[in-house]
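Rule-based calculations on the coordinates, nothing more; no lab input. Note that the coordinates shown come from a computational prediction; the quantities given were computed from them, not determined experimentally. Cβ coordinates were reconstructed from backbone atoms using ideal geometry, including for glycine residues, and neighbour counts include every protein chain displayed.
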Amino acid sequence: MRLLRIVPDNTKFDFMRFRRVSFPLSALLSIIAISLYFFHGLNFGIDFKGGTLVEVQTKAGPADLARMRASLNALGLGEVQLQEFGAPNDVLIRVAEQPGGDAAQQAAVAKIRNALGENVEYRRVEVVGPRVSGELLSYGIIGLMVAIIGILVYLWFRFEWQFALGAMIANVHDLVLTIGFMSLTRVDFDLTSIAALLTILGYSLNDTVVIYDRIREMLRRYKRMPMPDLLNASVNQTLSRSVVTHLTVSLALLALLLFGGQAIHSFTATMMFGVVLVGTYTSVFIASPILIYLGVGTGRDALSATAKDEKDRG
Amino acid sequence: MLYFTRWKAAAILLTAFIVCLFAVPNFLPSAVVDSWPKWAQRHVVLGLDLQGGSHILLAVDTNAVRKEKLEALRDDVRRVLREARIGYTGLVVRGNSVEVRIREAGQVDPALAKLRELSQPLGGFLGASGQRTLDVGSDGNLIRLTVTDPAILERVRQAVDQSIQIIERRVNELGTVEPLIQREGTDRILVQVPGLQDPTRLKELLGKTAKLDFRMVDTNVSPEQALQGNLPPDDEILYGTGAESKVPYVLEKRVLVSGADLTDAQPGFDPRTSEPVVNFRFNTAGARKFAEVTQQNVGKPFAIVLDNQVISAPVIREPILGGAGQISGHFTVQSANDLAILLRAGALPAPLTIIEERTVGPGLGADSIAQGKLSSYVGAAMVVIFMLVTYGLFGLFANVAVAVNVAMIFGLLSLLNATLTLPGIAGIVLTVGIAVDSNVLIYERIREEVRAGRTPINAIDAGFSRALATILDSNITTFIAAAVLFYIGTGPVRGFAVTLGIGIITTVFTAFTFTRLIVAYWVRWRRPQRVPI
């Protein structure tokens, strides 16, 4: 049986030359993403904004959204959003946080239950009070920070500081672009989004580390090869692996996206974007060439000479 | 890299086998598993998002605790100064303090000395730090007693402990399976009740303090007079419940008998009106007090007060000596039953507020399980086929390793009695991707080594040894992210962190041992002349 070779052996793409395109492109995309965040905003879910989310399924036939909206708007709960969710008889109801603290949220739920009556099945009710939503947001942000710093420290131990810094720049770039994507698509930004961001962080780094590992190995082996050539060789050598891995992960994510249901839809969509599109692009076109600017490999001979000296003495 | 001593190979296979075995109880009917010893019964718990149920986070009302503490302190100050016969004016609660002005300057020092006795060292390890419950200071003849923050914190902590016991009793009355009730942080209680379709009743049971008092109605003042400002200092105005929430009653502040003196409460029916009622029974002390009071007040009305609302205010027709009584007050069968539950369970030391609620109905849970299964099967099938097409025989090895990997994930999840959520299933699917990646890294490296001109066995050996360092590095970074997620996440998200984290551990284990072992045995068996990848 002839096996599938998606990437031919011994590719020699000049990835480093693309840095003149990829760096400005990434800068532009990052600026767009940041502007999206500031001017278009994120669609904060109730985890971070507080409020009530109710998913109901009508028992007889498709839901009459207009009538439901009318009866819910009459409750005086402020803005009530209704949205068909996956199926015509499935409705997602969002009610903004009520003024008056935690007890007021519970009162709102009771009102909604009263207004909708017995004709619907309650599939999901989530109520997040103002105290909890504030905490969840700060935990989420702290969590992202801690993860970035933790990974940075680990990389710093395992590699030289330039690698750690390069990986972090690549990482922040991934996160910024993904947040831009979330802003653009208006997916709910909630705790699962933070989970998605952290996974993207871990996964994209996974990819970067694989290439960095190879670069480090090449640095030891070829002491006189010019940096761009060395980086190109490293990326090319790991290219087949990158492609195969990303295909398998995409297949797994695709299954989740298609059959995983509405509950994790935005989660998998975000992950698909972050892991597959951005993560791959970043490790090849950003994380690797940035090492040139961070001065990896300059003075290699001197460094290795000292290392050799120490070894001799030891 | 390809040489394994016999005992090492045995240890690897045994470890993998035992871990996989722990997954077995999940796939057997519980009737079979129940007869096994306890340690073998460990299994994966389905999260509330999969089996349906309610997650309710309650917070102790810290302000209420503080207020109660300050009022008790004010009463203590009054008592101490009276006993010491020290004249005072303006005894008030202000902010976090109780302030009192001593009439004569000469008595400030003795007053201070007496009031300092109210301050106690804080118990537990805080006591060692020399912290006390009160800061007592004076400014001229003004004495200020401030309740310290650690004292409030300690009180809140106690309130949470007491509340947990009471909530357990209340929730158990609902007859649900395996409710989880635990402390969260200093002032919170998490209640998780699986399989509950409608949490309304649960919330009603949790939301009530259930503080029951028996008090006399002051008949010297009519409610109208009292509302106009003629309220005697030892009285207060409380309102009725439900439809009577506008009906005012003038009650003495003094509590005759409280709910703490009840030993039992049961729902029943009034034999005359056949209305639902709650029958209760006092303990000895309560019965004696109640008998005394009813003897002295025949013909006068008294009030049964629940959470500062008057349930009913019957007239005492005759002394009640048996220590048993009946509460009637427009109950339904359900509300009489609930009140009986609340009274039996006891009153909460402080009001609880629901600050977060997440309820998933059983329908959505079942749908999520179905979607989770379908997507993992499809995902796994696509990955398996892709690996076979790309790497042939080695792809098969990889698939076997990934299957063992997933079985081990379930084994470890069972061993930890971990919770599986829908995002958790996504974590497993993602792990399949990551697990495959470790094989891809190895195989690509072997391909490279072959191209570099090594002999097959050499290439395989070098491929493994070089790829493993990379696998470790790349997985540790993802593991850090999973660990952080575990600490910050709750519920479903935490489930994702758990499966992702465990998945990384099993992935590294299988890559380092299991896959290597398979390939090593294959090499020994076939002595390949060329590497088939």
Of all GluC sites (Glu not before Pro) in the stretch A:104-176, which ones are in loop regions per DSSP and have a Cβ with at most 11 other Cβ atoms within 10 Å? A:Glu118
Report, ordered by chain and residue number, the lysines lying within cross-link reach of A:Lys49, taken as a straight Cα distance under 29 Å and ignoring same-chain residues fewer than 8 apart. A:Lys111, B:Lys203, B:Lys208
Please report, largest first and rounded to whole Å, the three semi-axes of the ellipsoid equivalent to chain A, where each semi-axis is the square root of five times an eigenvalue of the C-alpha gyration tensor. 49, 22, 15
Please average, across the residues of A:148-155, the number of beta carbons from any other chain that are within 10 Å of each residue's own beta carbon, and give a whole number. 4
Coordinate range along principal axes, alpha carbons of the protein assembly as shown, Å, largest first: 109, 70, 59
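Using a Förster radius of 35 Å, what is the FRET efficiency between A:Ala96 and B:Gln197 based on their Cβ-Cβ separation? Nearest 0.05, please. Write out the running numbers ahead of the final one.
Details: r = 26 Å, r/R0 = 0.76.
E between A:Ala96 and B:Gln197, to the nearest 0.05, is 0.85.
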For B:Lys289, counting only aspartates and glutamates whose alpha-carbon sits under 16 Å away and dropping same-chain residues fewer than eight positions off, the answer is B:Asp213, B:Asp261, B:Glu318
Straight-line reach check, A:Lys12, cutoff 29 Å on alpha carbons, 8 or more apart in-chain or any other chain, hits among lysines -> A:Lys223
Cα centroid separation, the stretch B:413-429 to the stretch B:7-37 (Å): 17 Å
Would you kindly state how much longer the chain becomes between A:Arg67 and A:Val21 on full extension, computed as 0.36 nm times their sequence separation minus their alpha carbon distance, in nm to one decimal? 11.2 nm
At a temperature of 10 °C and a viscosity of 1.306 mPa s, determine how fast the stretch B:223-341 diffuses translationally according to Stokes-Einstein, using the Kirkwood radius over alpha-carbon pairs as Rh; express D in µm²/s, rounded to the nearest whole number. 104 µm²/s
Grab the Cα-Cα distance for B:Ala243 and B:Val24, subtract it from 0.36 nm times how many residues apart they are, and report the gain in nm with one decimal. 73.2 nm
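Shielding of A:210-219 by partners, i.e. mean partner chain Cβ atoms within 10 Å per residue? Mind dumping the intermediate values first?
On the way: counts 9, 2, 3, 9, 3, 0, 3, 3, 0, 0.
If you average over the peptide's residues, the count of other-chain Cβ atoms is 3.
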Subtracting the Cα-Cα distance of B:Ala324 and B:Ser465 from 0.36 nm times their residue separation yields 42.7 nm
Under 14 Å from a label point 7 Å along Cα→Cβ of B:Glu236: give me every residue in the stretch B:289-328 with its amide N that close. B:305-310
Order by neighbour count: A:Thr11, B:Thr421, fewest other Cβ atoms within 10 Å first, most last. A:Thr11, B:Thr421
Given a cut-off of 26 Å, what percent of all Cα-Cα pairs of the stretch A:23-139 lie beyond it? 33 percent
Counting only other chains, what is the mean number of Cβ atoms within 10 angstrom of the Cβ of each residue in peptide B:167-179? 0
So what is the orientation-averaged projected area of the stretch A:139-262, using the convex hull of its C-alpha atoms, in nm²? 8.9 nm²
Unit Cα scatterers, Debye sum, the stretch B:62-153: log10 I(q)/I(0) for q = 0.19 Å⁻¹: -0.84
If N is the number of residues in the stretch B:159-357, what value comes out of its Cα radius of gyration divided by 2.2 N^0.38 Å? 1.10
Just rank A:Leu3, A:Leu198, A:Leu144, B:Leu342, fewest to most, by other beta-carbon atoms within 10 angstrom. A:Leu3, A:Leu144, B:Leu342, A:Leu198
Compute the whole-percent fraction of alpha carbon pairs in chain B spaced more than 42 Å apart. 46 percent
Scattering profile of the stretch A:219-265 at q = 0.17, 0.31, 0.33 Å⁻¹ [log10 I(q)/I(0), Debye over alpha-carbon scatterers]: -0.62, -1.00, -1.06
Return B:Val33, B:Val360 ranked ascending by Cβ neighbour count within 10 Å, so the fewest neighbours appear first. B:Val33, B:Val360
Scaled by the rule-of-thumb 2.2 N^0.38 Å, the alpha carbon Rg for the stretch A:241-304 gives a ratio of 1.64
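Using a Förster distance of 41 angstrom, determine the FRET efficiency expected from the C-beta separation of A:Ala60 and B:Val32, and round it to 0.05.
Calculated transfer efficiency: 0.50.
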Once the Cα atoms of helix B:456-488 and of chain B are each reduced to a long axis, what angle between those two axes, in degrees from 0 to 90 to the nearest 10, is obtained? 10 degrees
